[in-house]
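The values are calculated or read from the model by the stated rules, or taken from the named source; none is laboratory data. Not measured: the values here are computed from a predicted model. Cβ placement follows ideal geometry from the backbone for every residue including glycine, while neighbour counts extend to all protein chains displayed. Protein only, heavy atoms only, side chains kept; ligands, DNA and RNA dropped before computing areas. Shrake-Rupley method; radii C 1.70, N 1.55, O 1.52, S 1.80 Å.
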Amino acid sequence: MNRDDKDFLRQIGFRIRERRTAMNLTQAALAETCGLHRTFIGSVERGERNVAVLSLRKIATALRATPAELLAEPDDPGDGR
């Protein structure tokens, strides 16, 4: 896995963590809602896992988001938008 891939996974994890904390959920609570393990959620949030699409869908549903929202790269403030 190259550096760009690792950065991409960290960005996804950051967006998941942001939504989870905004909903006042612990990693354990999110994991229970998703039917996934707490340590799995933690490793996804740290960008250590290349999360499968079906797991990402479970996480997104629990966070009341779409997988696309979690995958979307933030707009570059210098791109004129």
Filter the range 27-68 for residues that are open to solvent by less than 50 Å² (accessible area, probe 1.4 Å) and outside any helix (DSSP H, G or I); the one that is modelled with the lowest pLDDT is VAL51
From the option list ARG3, ARG10, ARG17, single residue qualifying as on the phi < 0 side of the Ramachandran plot, touching a helix residue (DSSP H, G or I) at 6+ places or on another chain (Cβ under 7 Å) and charged (D, E, K, R) is ARG17
Filter the range 9-26 down to the residues that are in a helix (DSSP H, G or I), open to solvent by 50 Å² or more (accessible area, probe 1.4 Å) and either touching a residue at least 40 places away in the same chain (Cβ under 8 Å) or in contact with an Asp or Glu (Cβ under 7 Å, 6 or more places away or on another chain) (or both) and list them by number.
GLN11, ARG17, ARG19
Considering residues that are within 21 Å of ASP7 (Cβ to Cβ) and among the small types (Gly, Ala, Ser), the number found within the range 20-76 is 9
